[in-house]
Each structure stands twice: as structure tokens, then as C-alpha cells.
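What follows is a short report on a single structure.
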Amino acid sequence: MVCESAALPCTVAPGAPGGGRRMRPGLTVVLALCVAGCAGTEGPSDADCLAAALQQPALRNGAVAWTRADGSTAVTAANWRGWWRLLRDQAYPAASLTKPLVAHAIRGQVERGALRLEAKAADLLPGLAWSGPGTQDITLQHLLQHTAGLGRRDGRDPLWHHGGTSDGVPDCEAAAQYIVTQPTLRTPGVQAEYSNVGYCLLGLLLRQQAGAGELELPAALLQALHAPLGAAGGWRATLPEMHAALARTLPLRHLEAPPQPLPDGSWYAWSWRYWPKPAAGAPWTHTGRLPGFLAVALTDGRSRLLVAHFDGDPADYHAASQRFGRQAWGCLQSAGGGG
């Protein structure tokens, strides 16, 4: 494998895995580390540090894309399998990292005055049967901040368990149609509780607007909204594409903390989780998880962003993502300019 001034393209010599293949042209990505021992660096670097941080218990084949202090984007991986996926431009499932894109599309309309945070969800989506007690009090802001009172029911996520013919299979649209017929679990706007189905409702709103010609969405997001996991987690992208799309959601804006934040004091604003006292290193984070993998995004909320993807099913994925986050964000801070 050959590094050419540590920049694209990173070519693979004939006979090596993926021989002759170049990463997709046009991606402004620095391949910071082709393999251990690749020439051009002296002493520890942010790439060395992050490659070590990718070695996590119960997680494997990690890869990461991050914003360097000079504004360029770099990628590295924990092992050959991780590099193989990067070099092949493999699309990763983003899972809940879809939600910041959804929130960003809503935020743009709020900032233009096309939508109001205090608008009632029932007024925005009149085609749904809002018969559940409390559901007509849900606002756009409640959905964005996971305070709509639409959490798990009997320990089951409505995204998978929505009473329809496809019950047990993720169906964002069916979940949205189902949840508005059920009573809210608590008064909307009071308590933060993560809700996939709340974002399914936001996804239906974006689909409705796009279908009416009121809003133009990126093709990848529109495709995600029509996937079974929908706005809750239907996006797929290569790691550099994931990093670039999430970077476009920056800089972030705060939304006021709900009366009852999460037990650790954090809360959600525009889908990103804000940590007044960062437990995961960065002040803003998001985690995506489905059986078999974990995705983690960390940002200072301004310009620096890190996105990682792993195989694995850690018993406590919150603890696993926070452990990685502390190590990885420390790498960026040590490299200079970290938030």
C-alpha cells in the first residue's frame, strides 16, 4: 500500500487487498494513515491516537472520519477489515445518526419562518388520526427534543411494535400512524425520553412537504425517509459521506433544557445530545445502534466533528460509546484545536 503525501488518492498496490482500487475521486478526504508504519509521520499523531481508540472491548473493525485542526477531513481504521471497507467505499448503516439530518431539515425551515417550534404536530400532519389523549398537545419542538411523551410502552419500542400486520418488524410509517392513536405516557414538554417514533412523525412531515413541492431534500435523506426505518434510522452512506452530511448540520444551536432532562443532566437539541458536563468527551454527541453495529458522532457544535462505525453488540452500548468518545475526543484535543 502506498501513501501519496498522506492525501488522496491512497492506492493499493497490485496483489494487496483491493489491488488497484482508488477511493472515489472528489472526496476532500485526507487518508491520514494507510497502514501502521506508513511513511510521512513522526511521533504520535491524531491518526495514531484514534486508531488506538478504535480498539474497544466488545467492538471490532472500527473506522473513523474526523475533522482535523486545519479543517481537512481524515479517515483511519482499526484493522485491515476496516480499511477494506473504506477503500471499497462501503456504505454503512447510520441508524439513529439519521436523526440529525432530519432535525437539520426542520431547523432550516424554522430559521426561514416556514415552521414554528410551537406549532402543534396534529396541525402539521392533519392526515393522521390524533385520537390518543395528550397527542394533540405535542409540538414540533417536543418531537425534536424527545419530550413528546412517546417513549417505550411496556419496554417495547413502537418503531418495532406498532400493532399492525408488520408488528415486530421496523416500520416508521406504521409506527407514526399507530402512536397518535395511543395516550401519551406523560405530559408533552416535561421530560426527556428518547423516542424513535417521534422522529418517524418528523419524517412524515418532511415527506409530506417534499411530495407537495414545498421542500427540496437531499436525495440520500429522501431515500432514507422512505426506508422501513425511516427518519429514525434509514440512512446509509460511506463514512466520508456520513461525516460530510453531519458536518453540514453545524454549527449547532441550543434549545432550552426541558424541566426534566435525562438522568445524567443531558438533553436533546436538534436531535444532538447536549452534555453540560460532557461524559463522552465532546459537548454534543449522537449514537446509532442496531443489532450488529454501533455508530458514534461527536462534535464541539461549531466545526469539529468525528464519526465512527464499529461492528459488535456491547451489553451496554451507552457505556461503550461514552468510553470511546472520551478517548477519541481526547485525541482531537491533544492534536490541537479540539472543543
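Observations on the structure shown:
- Fewest-first ranking of L290, L298, L87, using other Cβ atoms within 10 Å as the exposure measure: L290, L87, L298
- For the stretch 205-268, the Kirkwood radius over C-alpha pairs fed into Stokes-Einstein at 20 °C and 1.002 mPa s yields D = 151 µm² per second.
- Packing-based order for 222-228, 49-55, using average beta carbon neighbours within 10 Å, highest first: 49-55, 222-228
- With the simple spin-label model, which puts each label point 7 Å out from Cα in the Cβ direction, the L117 to D89 separation comes to 4.0 nm.
- Sorting the segments 62-69, 132-139, 197-204, 119-126 by their residues' average number of neighbouring beta-carbon atoms within 10 angstrom, most packed first, yields 197-204, 62-69, 132-139, 119-126.
All of the numbers you see were taken from the coordinates with simple rules; none came from a lab. Since the model is a prediction, treat every value here as computed from it, not as a measurement. Neighbour counts are summed over all protein chains in view; Cβ atoms, including those assigned to glycine, are modelled from backbone coordinates with ideal geometry.
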